[in-house]
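Student: My questions will all concern the structure given below.
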Amino acid sequence: MADTQNISSEMIPYVEFADNANERTPCVLVLDCSGSMRGEPIKQLNVGLKALEKELKEDIDAASRVQILIIKACGKEDEAVVASDWVDAMDFTAPSMEAGGLTPLGKAVQLALKKIEDQKELYDSCGVSSKRPWIFLVSDGEPTDYGWEQAAQECLDAQKNKKVIVHAIGTQGANMEKLAKFSLMPPKRLVGLKFTEFFLWLSRSVSCVSKAAPHADDLLKDIDAWNEE
Amino acid sequence: MKNKQSFQIVAVSTVGAYHKAKGVQGQDCFASKQNNHRVVAVVSDGAGSAKYGKIGAKYVCEKVCELLVRADFNHIRQHIINAIEATRDELMMHRLNKTKNENGLVDFSATLIGAVYQNGKGVFFHIGDGAGVALLNETKHDVVISEPENGIFASETFFYTMDDWKDSLRFTPFEKADSMFLMTDGVTCFALKKNEKSLEKDFIWPINQFLSREKNTKKASRALKNTLETAQARRLSADDKTLMWVSLK
C-alpha cells in the first residue's frame, strides 16, 4: 500500500503550469425568469442549460476558450441578478433557474454591460486577449422595468462601438417589437420551447467563434433547429 | 570509429479527460529507435474526428522509425519524405481502408512530429500541431523549436494523410543539442508560451533537469506521467498528452 502511494505521488519537482492564457470568448445569457415562465417553460430552460453545460465541456477548445455569465431578470423588486458569474466553460455548472415576478430586462442588460466591462479590464490586466462579447437576451414577454428604453439604447450604443454583439430571442408570447430595440439585428423567435436546440446551437456557434481567426466571417448560421421564420 | 552511443529515452502518453469521459482510448502514439550513433523519435496525434486516427498515428510512428534508423543521413530529408510515403502506401492497403486508395486515408488522419539525430546534427520533421524542442544550452536557455501549425481555426491542423501533405511538411535543423522533446498539442498549451514560439520557462527546463539526473527509467516515466496527470494539467487541456524526452549527450 505504502509503495503504491509513493509511486502515485512521484512527481517532477519545480514544474509549474502556466495559466490558461487562451483567447477568451465571453458569452452572457440574459434570461427572463419572470412569473410567466412558470411550469413547462422554466423546466425546458433548465434542461437546455444542462445541455449547454454538457456540450461546452465536451468541446476541447470551447471548454478553455469560452467564458459564460448568466444573468436572470425576475423578482418582485425588478431585480437583475447574477445567476452564474464568469467562469471558463470547463468549470461551468448550469444553475437551476426558478420563475417568478416581473421582467426587468433593462436592468438585466445594464448589469450585463457592466459585467462585460469589468471582465474586459480583467483580461487586459492579465494580458489575455478576447473576442467581442456576446449577449443573448431571451424573453417570453417584454421589459417591465422603468427606464428600459434607456438601457436598450445603451445596448445599441455598445454594439455600434463594437464593444458587444447582442442577439435578442423571443419565445412564444414575446413582444418582438420591444425586443428589437435591444439589438442592431432583428430578433429571432424560438419555436415552441426548443430551448435545448437553441442552447446546443449557441454552444456550437460560440465554440466556432472562439476558434476562429480574428475578423472571421459571421458564423451564426444554421438556426433552423430552433428559429421560427 | 567512435564508440556506439546509447540515447536515454523517456516517453509517456496520457489519455485526456475528453476521451476518458467518452470511454474511448487515447489517440496519441510514439515510437523511437536507435542504432549506433543515431536516434529516431516520432510522436503522432490521431485526429479525434477520424474513424481510425489512432491507427494512423501508430503506423506513422513505427514505419518512420523503422525506415529512418538505417537511412543515409546525408539525404535524410528525402528519406523522411519516402518514409511518410511508405506509411501512406501501407494505409492505402489497410484492411479498414475500404477504398484502397488515397481517398480512404482521411479516416486515418494524424499529425506528425519527429526527429533524427546523429553525431551532433539533427532535424525535426513536422506536419500539423504538436512541437519539437531541442535544448542546446541549459545555462543560456538556448533552444530550437519546431512550432505547431494550425489552420484558420484553432482546432484545425494538418495531417500526413492529406493529399497535399508535402505542402505542410516542415524541416527544422538543429545542432549540438543536449536533449530534445517531442510533444502533442495536449502538452504544447502549457509547454510553449501563447505565441507558440518560445518555452514557458518553468515547464520544460525542470523536466529536462529531472530526467537528465534520474537514471531509473521506470521511475522517470512514472514521475513524468504523474506530472502530466495533475489536476492543473488536466484543467489546462482535456486532450491526450504525449511527451517524449531524448538525451542526446
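Student: Taking the options B:PHE73, B:PHE108, name whichever one is under 19 Å from B:GLY128 (Cβ atoms), surrounded by 15 or more Cβ atoms within 10 Å (Cβ to Cβ) and out of contact with any Asp or Glu (no Cβ under 6 Å at 6 or more places or on another chain). Even if it seems obvious, please write down each step before you answer.
Tutor: Numbers: B:PHE73 fails: under 19 Å from B:GLY128 (Cβ atoms).
Among B:PHE73, B:PHE108, only B:PHE108 is under 19 Å from B:GLY128 (Cβ atoms), surrounded by 15 or more Cβ atoms within 10 Å (Cβ to Cβ) and out of contact with any Asp or Glu (no Cβ under 6 Å at 6 or more places or on another chain).
Student: Collect the residues in the stretch B:164-178 that are in contact (Cβ under 8 Å) with a residue 12 or more places away in the chain and either more than 15 Å from B:GLN118 (Cα to Cα) or not in a strand (DSSP E or B) (or both), keeping them in residue-number order. I'd like the intermediate steps shown before the answer.
Tutor: Of the stretch B:164-178, the ones in contact (Cβ under 8 Å) with a residue 12 or more places away in the chain are B:165-166, B:168-178.
Listed by number, the residues that qualify are B:TRP165, B:LYS166, B:SER168, B:LEU169, B:ARG170, B:PHE171, B:LYS176, B:ALA177, B:ASP178.
Student: Still on this model: Considering B:ASP185, B:ASP202, B:ASP239, which residue is within 14 Å of another protein chain (Cβ to nearest Cβ) and touching a strand residue (DSSP E or B) at 6+ places or on another chain (Cβ under 7 Å)?
Tutor: B:ASP185
Student: If I go through the stretch A:131-151 residue by residue, how many of them are touching a Gly at 6+ places or on another chain (Cβ under 7 Å) and either of a type in the set (A, V, I, L, M) or free of Cβ contacts under 8 Å to residues at least 40 places away in the same chain (or both)?
Tutor: Going through the stretch A:131-151 one residue at a time, the tally reaches 1.
Student: Suppose we filter B:VAL60, B:VAL10, B:VAL64 for residues that are touching a strand residue (DSSP E or B) at 6+ places or on another chain (Cβ under 9 Å) and part of a strand (DSSP E or B); which single one remains? Please lay out each step first, then the result.
Tutor: Details: B:VAL60 fails: part of a strand (DSSP E or B); B:VAL64 fails: part of a strand (DSSP E or B).
One residue alone meets the criteria, B:VAL10.
To keep it simple, each residue is scored yes or no on (1) in a helix (DSSP H, G or I); (2) within 14 Å of chain B (Cβ to nearest Cβ); (3) of a type in the set (Gly, Ala, Ser).
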| site | (1), (2), (3) |
| --- | --- |
| A:VAL28 | no, no, no |
| A:SER36 | yes, no, yes |
| A:ILE42 | yes, no, no |
| A:LEU49 | yes, no, no |
| A:GLU55 | yes, yes, no |
| A:ILE70 | no, no, no |
| A:CYS74 | no, no, no |
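Student: Can you pull out the residues in the stretch B:145-163 that are at pLDDT 90 or above, part of a loop (DSSP other than H, G, I, E, B), hydrophobic (A, V, I, L, M, F, W, C) and under 20 Å from B:GLY186 (Cβ atoms)?
Tutor: B:PHE158, B:PHE159
Student: Here's another thing I want to ask about it. Is there a residue in the stretch A:22-32 that is among the hydroxyl-bearing types (Ser, Thr, Tyr), touching a Gly at 6+ places or on another chain (Cβ under 7 Å) and buried (at least 19 other Cβ atoms within 10 Å of the Cβ)? Explain how you work it out, then say what you get.
Tutor: Looking only at the stretch A:22-32, we keep the residues that are among the hydroxyl-bearing types (Ser, Thr, Tyr), and these are A:25.
This time we only want the ones that are touching a Gly at 6+ places or on another chain (Cβ under 7 Å), so: none.
No, every residue in the stretch A:22-32 fails to be among the hydroxyl-bearing types (Ser, Thr, Tyr), touching a Gly at 6+ places or on another chain (Cβ under 7 Å) and buried (at least 19 other Cβ atoms within 10 Å of the Cβ).
Student: Which ones in the stretch B:205-234 are within 7 Å of another protein chain (Cβ to nearest Cβ) and closer than 26 Å to B:SER49 by Cβ?
Tutor: Looking only at the stretch B:205-234, we keep the residues that are within 7 Å of another protein chain (Cβ to nearest Cβ), and these are B:206-207, B:210, B:219, B:222-224, B:226-227, B:232-233.
B:ALA233 - this is the single residue of the stretch B:205-234 that is within 7 Å of another protein chain (Cβ to nearest Cβ) and closer than 26 Å to B:SER49 by Cβ.
Student: Would you be able to tell me the number of residues in the stretch B:11-46 that are within 28 Å of B:ILE76 (Cα to Cα) and surrounded by fewer than 23 Cβ atoms within 10 Å (Cβ to Cβ)?
Tutor: 11
Student: So which of A:ASP124, A:ASP118, A:ASP145 is farther than 27 Å from A:ARG24 by Cβ, modelled with pLDDT under 95 and among the acidic types (Asp, Glu)? Let's see the steps before the verdict.
Tutor: On the way: A:ASP124 fails: farther than 27 Å from A:ARG24 by Cβ; A:ASP118 fails: farther than 27 Å from A:ARG24 by Cβ.
Exactly one of A:ASP124, A:ASP118, A:ASP145 is farther than 27 Å from A:ARG24 by Cβ, modelled with pLDDT under 95 and among the acidic types (Asp, Glu), namely A:ASP145.
Student: Right, here's the next one. Scan the stretch B:197-216 for residues that are within 19 Å of B:GLY186 (Cα to Cα) and in a loop (DSSP other than H, G, I, E, B) and jot them down. If you could, list the steps in order and put the result at the bottom.
Tutor: Going through the stretch B:197-216, the residues within 19 Å of B:GLY186 (Cα to Cα) turn out to be B:197-208.
Correct list: B:LYS197, B:SER198, B:GLU200, B:LYS201, B:ASP202, B:PHE203.
Student: Filter the stretch B:14-54 down to residues that are assigned to a loop (DSSP other than H, G, I, E, B) and away from chain A (no Cβ under 14 Å) and give me whichever is farthest from B:GLY128 (Cα to Cα). Before the answer, list the steps.
Tutor: Looking only at the stretch B:14-54, we keep the residues that are assigned to a loop (DSSP other than H, G, I, E, B), and these are B:15-16, B:23-27, B:36-37, B:47-52.
Then keep just the ones that are away from chain A (no Cβ under 14 Å); that gives B:25, B:36-37, B:50-52.
On the way: B:GLN25: 21, B:ASN36: 30, B:HIS37: 28, B:ALA50: 15, B:LYS51: 18, B:TYR52: 17 Å.
Only one residue fits best here, namely B:ASN36.
Student: Here is a follow-up. Which residues, taken from the stretch A:155-174, are surrounded by fewer than 16 Cβ atoms within 10 Å (Cβ to Cβ) and either touching a residue at least 60 places away in the same chain (Cβ under 8 Å) or farther than 14 Å from A:TRP134 by Cα (or both)?
Tutor: Restricting attention to the stretch A:155-174, the residues satisfying the condition of being surrounded by fewer than 16 Cβ atoms within 10 Å (Cβ to Cβ) are A:156-157, A:160-163, A:172-173.
Hits for the stretch A:155-174 are A:ASP157, A:GLN172, A:GLY173.
Student: Within the stretch A:105-127, take every residue that is away from chain B (no Cβ under 14 Å) and more than 17 Å from the chain's Cα centre (by Cα) and give me the one that is farthest from A:ASP140 (Cα to Cα). Before the answer, list the steps.
Tutor: Our first condition is that a residue be away from chain B (no Cβ under 14 Å); within the stretch A:105-127, this holds for A:105-122, A:124-125.
With more than 17 Å from the chain's Cα centre (by Cα) added as a condition, the list becomes A:121-122, A:124-125.
Numbers: A:GLU121: 33, A:LEU122: 33, A:ASP124: 36, A:SER125: 38 Å.
Of everything passing the filter in the stretch A:105-127, A:SER125 is farthest from A:ASP140 (Cα to Cα).
Student: Still on this structure, please answer the following. In the stretch A:82-97, which residue that is aliphatic (A, V, I, L, M) and either without any contact (Cβ under 8 Å) to a residue 24 or more places away in the chain or in a helix (DSSP H, G or I) (or both) is surrounded by the most Cβ atoms within 10 Å (Cβ to Cβ)?
Tutor: First, the residues of the stretch A:82-97 that are aliphatic (A, V, I, L, M): A:82-83, A:87, A:89-90, A:94, A:97.
With the extra rule that they be either without any contact (Cβ under 8 Å) to a residue 24 or more places away in the chain or in a helix (DSSP H, G or I) (or both), the set shrinks to A:87, A:89-90.
Details: A:VAL87: 14, A:ALA89: 27, A:MET90: 21.
Result: A:ALA89.
The values are calculated or read from the model by the stated rules, or taken from the named source; none is laboratory data. Note that the coordinates shown come from a computational prediction; the quantities given were computed from them, not determined experimentally. Every residue, glycine as well, gets a Cβ built from its backbone with ideal geometry; the counts of neighbours run over all protein chains shown.
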